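**Q** This structure is in structure tokens; I'll ask about it shortly.
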């Protein structure tokens, strides 16, 4: 057991470091679930209204691919929480994996783990502590969520099953994080790898939910497994064994890799590089491109795939809802074309949210370059502050633009190919994707402003993004006043294809984004570096 | 003689901590100036103000005839900076970083670059994250020394270097002196400063407490004297400037203010000197004298 010596000390250290972060996330998740359930209970007082709402939901391909199917239309619990089942599991999984990486690879990369390892610390202690802290967090989230749902008035068994949906997804991805942390030398890359696995899992689940013929695809996805527990609709708790088994396998693999590698090393040995810089590496922008291009390639590839998948699902909308009532509903909503467009415009909104995440993390690079003391030597050369800031801001703005174009192009090509009108679909979907850009830029610009005004609070950019996300996804359930709903830039984006295009919000969002960036520049030029 | 750096009455505080408390500093063009002080005395803060990375709260700062806050980028083309903590981009090689920094300063001499790489025994093909602290520092040093600039600002440049490399560094600075480049060398390694610097400023709690050539500073301090005399000495205790006098039979041990050395010698000679050892003050003693009272006050100003 010597390999585990010091684990408890590291667990306490991690809990001390995350004493604000972890409770905050637990509270956010519990409130999100309980609040959403409470609001829905008030919204659907009797079974008839519930079945009607559930049927409508199940016949909307946009909702089903985004959130999943309602397995039992009469179930109050499922109707209340279907938006949070798979989607919530995705968020819990993201938190769980990032927690593991934060306490393993990130510590190793910074050199802090080396300092600790020179003391009495077993080889497996850090990984074990990371997994324990992450596991503890998701178990706590699951339990407290279940208790709060029971408190709101939902069935006991179903509520615990729902908690298990989240916890099991979290545990499986704690395992994924534990493994990716062994593969790469950098924490950033480990999180990136995990995000790819998570994204693929979610897309597989979406494909599985989108039609009966492809239902088996859900079973290829850990998120799909958690969803298939079917809380409030059978409570198949046994299914949770699948993500748990995955956890065991991944953790065993992580320990095996850990045993074989040196501290600080990844699976791939770093190769020597060029002894002199390419002639093009002579400006801050060229350096920024070097720093961002790897992640941009990854995201670009993911967006292309996502676009292709979304476009493909859209073309199946026709055969989506089999029942007569659903077909009637489709006619009411504007026929097959109308519902395909409704689906595509929802998915373009999702692309917009995802691209914003790229924009935020690219803009946050400014701060991490500054705190890692890598900005200082550059700013001590002939590079002005504005030029240095511009280099990363341009990467964020152009990067998101590239992602959106690639995603829209993918969706246009694949939906056009299936529907036989590529010439029409490609420009329509490129336009639909492009109208997302002003909101994306605005959210990115908020990070730039924070970087200038309050650099220590710059990660609040993620909280703002989360708030906009929640307003958009749950604002109507919570019956928020329109003035609050208007705070989210995403709410002002024209809904294309199919909807009416209005230039006013697009222009305004762009102008505000530009103003925020200018304010970020002005304040950054006046403040201390460091 | 013109001055490359003139700082007067510079104040800088972070919240409640006063990192710089009315600092004055003058570095003449063409000299190697030692900037001496322990950790947290305000050396790095001063340098960051000189580079326009921080803005002083009050006081005047002039660098190469310009204002480092307003004309930062133009001035930076004429200087090279080696930070105390060198962090490199994990996926760029050392060679790429050297070239990049050199180009952003306005060019570097490829011959000099190769020569320095050889002298510092640095492999430029390794990725940033695989370098040790010392090697990261060498990357920054090579980039700075190979640049064609008037002023070198070096913040504890040898803190990660081994003794062999420290020697190479000293040779390089000697060569820079002969090229009439101005060097501001911040350090807490006294022997390095003693060996390299024309003039020295000692900083303490955000203020420069002593400045001048090593000879000037020595003049202000005490020489330690040990003597064996022919007969018992007398009258030593009454002499001005004599401290810590110990008399043991015919042996005498004391410290004397260097300005009063002559008086002591005359008095000793009167008793007949059989053996005499006089040690000039080392920089270490000089330094300790300024910091003596700090040992009782453990909390130095935390100047980041």
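**Q** Would you confirm, using the coordinates I've provided, whether residue A:320 is at pLDDT below 80 and buried (at least 21 other Cβ atoms within 10 Å of the Cβ)? Spell out how you get there, then give the answer.
**A** Working: at pLDDT below 80: yes; buried (at least 21 other Cβ atoms within 10 Å of the Cβ): yes.
The answer is yes for residue A:320.
**Q** Given the criteria facing chain A (nearest Cβ under 8 Å) and in contact with a helix residue (DSSP H, G or I) (Cβ under 9 Å, 6 or more places away or on another chain), does residue B:38 qualify?
**A** Working: facing chain A (nearest Cβ under 8 Å): no; in contact with a helix residue (DSSP H, G or I) (Cβ under 9 Å, 6 or more places away or on another chain): yes.
Against the criterion (facing chain A (nearest Cβ under 8 Å) and in contact with a helix residue (DSSP H, G or I) (Cβ under 9 Å, 6 or more places away or on another chain)), residue B:38 does not qualify.
**Q** Working only within segment B:116-151, note down all residues that are outside any helix (DSSP H, G or I), surrounded by 20 or more Cβ atoms within 10 Å (Cβ to Cβ) and at the interface with chain A (Cβ under 8 Å from one of its Cβ atoms). Write out each step before concluding.
**A** Narrowing segment B:116-151 to residues outside any helix (DSSP H, G or I): B:120-127, B:131-132, B:146-151.
Still in the running and surrounded by 20 or more Cβ atoms within 10 Å (Cβ to Cβ): B:120, B:122, B:124, B:126, B:131, B:146-147, B:149, B:151.
Answer for segment B:116-151, where residues must be outside any helix (DSSP H, G or I), surrounded by 20 or more Cβ atoms within 10 Å (Cβ to Cβ) and at the interface with chain A (Cβ under 8 Å from one of its Cβ atoms): B:124, B:126.
So that you can scan it fast, the table gives a plain yes or no per residue for (1) part of a helix (DSSP H, G or I); (2) touching a helix residue (DSSP H, G or I) at 6+ places or on another chain (Cβ under 7 Å); (3) within 15 Å of residue A:37 (Cβ to Cβ):
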residue: A:119; (1), (2), (3): no, no, no
residue: A:131; (1), (2), (3): yes, yes, no
residue: A:154; (1), (2), (3): no, yes, yes
residue: A:160; (1), (2), (3): yes, yes, yes
residue: A:170; (1), (2), (3): yes, yes, no
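**Q** Continuing with this model, one more query. Across segment A:37-55, which residue is surrounded by the most Cβ atoms within 10 Å (Cβ to Cβ) among those that are closer than 24 Å to residue A:143 by Cα and at pLDDT 85 or above?
**A** So, considering only residues that are closer than 24 Å to residue A:143 by Cα and at pLDDT 85 or above, the one surrounded by the most Cβ atoms within 10 Å (Cβ to Cβ) is A:37.
**Q** Just to be sure before I move on: is residue B:154 assigned to a strand (DSSP E or B) and on the phi < 0 side of the Ramachandran plot in the structure I sent? Reasoning before the result, please.
**A** Details: assigned to a strand (DSSP E or B): yes; on the phi < 0 side of the Ramachandran plot: yes.
Taking the combined requirement at face value, the residue satisfies it.
**Q** Looking at A:137, A:57, A:104, which one is under 27 Å from residue B:90 (Cα atoms) and not assigned by TED's automatic domain parsing to the domain that holds residue A:464? Quick ask: steps written out before the conclusion?
**A** Details: A:137 fails: under 27 Å from residue B:90 (Cα atoms); A:57 fails: under 27 Å from residue B:90 (Cα atoms).
Selected residue: A:104, the only one of A:137, A:57, A:104 that is under 27 Å from residue B:90 (Cα atoms) and not assigned by TED's automatic domain parsing to the domain that holds residue A:464.
**Q** Let me ask something else. Report, by residue number, each residue of segment B:87-115 that is more than 7 Å from chain A (Cβ to nearest Cβ) and assigned to a helix (DSSP H, G or I).
**A** In the first step, residues of segment B:87-115 are kept if they are more than 7 Å from chain A (Cβ to nearest Cβ); the result is B:88, B:91, B:94, B:97-98, B:102, B:107-115.
Listed by number, the residues that qualify are B:94, B:97, B:98, B:102, B:110, B:111, B:112, B:113, B:114, B:115.
**Q** Another question about this same structure. Out of B:278, B:230, B:195, which single residue is exposed (fewer than 12 other Cβ atoms within 10 Å of the Cβ) and either farther than 25 Å from residue B:177 by Cβ or modelled with pLDDT under 90 (or both)? Steps first, please.
**A** Numbers: B:278 fails: exposed (fewer than 12 other Cβ atoms within 10 Å of the Cβ); B:195 fails: exposed (fewer than 12 other Cβ atoms within 10 Å of the Cβ).
Only one candidate passes the filter, namely B:230.
**Q** While we're looking at this one, here's another question. Just to be sure before I move on: is residue B:80 under 27 Å from residue B:190 (Cα atoms), buried (at least 19 other Cβ atoms within 10 Å of the Cβ) and within 14 Å of chain A (Cβ to nearest Cβ) in the structure I sent? Working first, answer last.
**A** On the way: under 27 Å from residue B:190 (Cα atoms): yes; buried (at least 19 other Cβ atoms within 10 Å of the Cβ): yes; within 14 Å of chain A (Cβ to nearest Cβ): yes.
When the stated conditions are applied, residue B:80 passes them.
**Q** Residue B:84 passes all but one of (1) more than 17 Å from the chain's Cα centre (by Cα); (2) part of a loop (DSSP other than H, G, I, E, B); which number fails?
**A** Only one criterion in (1) more than 17 Å from the chain's Cα centre (by Cα); (2) part of a loop (DSSP other than H, G, I, E, B) is unmet by residue B:84, namely (1).
**Q** For segment B:12-25, check the following and say yes or no: at least one residue is modelled with pLDDT under 95, surrounded by fewer than 24 Cβ atoms within 10 Å (Cβ to Cβ), within 14 Å of chain A (Cβ to nearest Cβ) and not in a strand (DSSP E or B).
**A** yes
**Q** Among the residues of segment A:112-128, is any within 14 Å of chain B (Cβ to nearest Cβ), out of contact with any strand residue (DSSP E or B) (no Cβ under 8 Å at 6 or more places or on another chain) and under 29 Å from residue B:88 (Cβ atoms)?
**A** Yes, segment A:112-128 contains at least one residue that is within 14 Å of chain B (Cβ to nearest Cβ), out of contact with any strand residue (DSSP E or B) (no Cβ under 8 Å at 6 or more places or on another chain) and under 29 Å from residue B:88 (Cβ atoms).
**Q** Can you report the number of residues in segment A:4-48 which are part of a helix (DSSP H, G or I) and within 30 Å of residue A:108 (Cα to Cα)? Full working, then the answer.
**A** Going through segment A:4-48, the residues part of a helix (DSSP H, G or I) turn out to be A:4, A:7-17, A:21-43, A:47-48.
Still in the running and within 30 Å of residue A:108 (Cα to Cα): A:4, A:7-17, A:21-29.
The number of residues fulfilling the criteria is 21.
**Q** Hey, another quick one. Across segment A:474-530, what is the total count of residues that are free of Cβ contacts under 8 Å to residues at least 60 places away in the same chain, outside any helix (DSSP H, G or I) and within 14 Å of chain B (Cβ to nearest Cβ)?
**A** The total comes to 1.
The values are calculated or read from the model by the stated rules, or taken from the named source; none is laboratory data. Just so you know, these numbers come straight off a predicted model, no measurement behind them. Note that each Cβ is placed from the backbone with ideal geometry, even for glycine, and that neighbours are counted across all protein chains shown.
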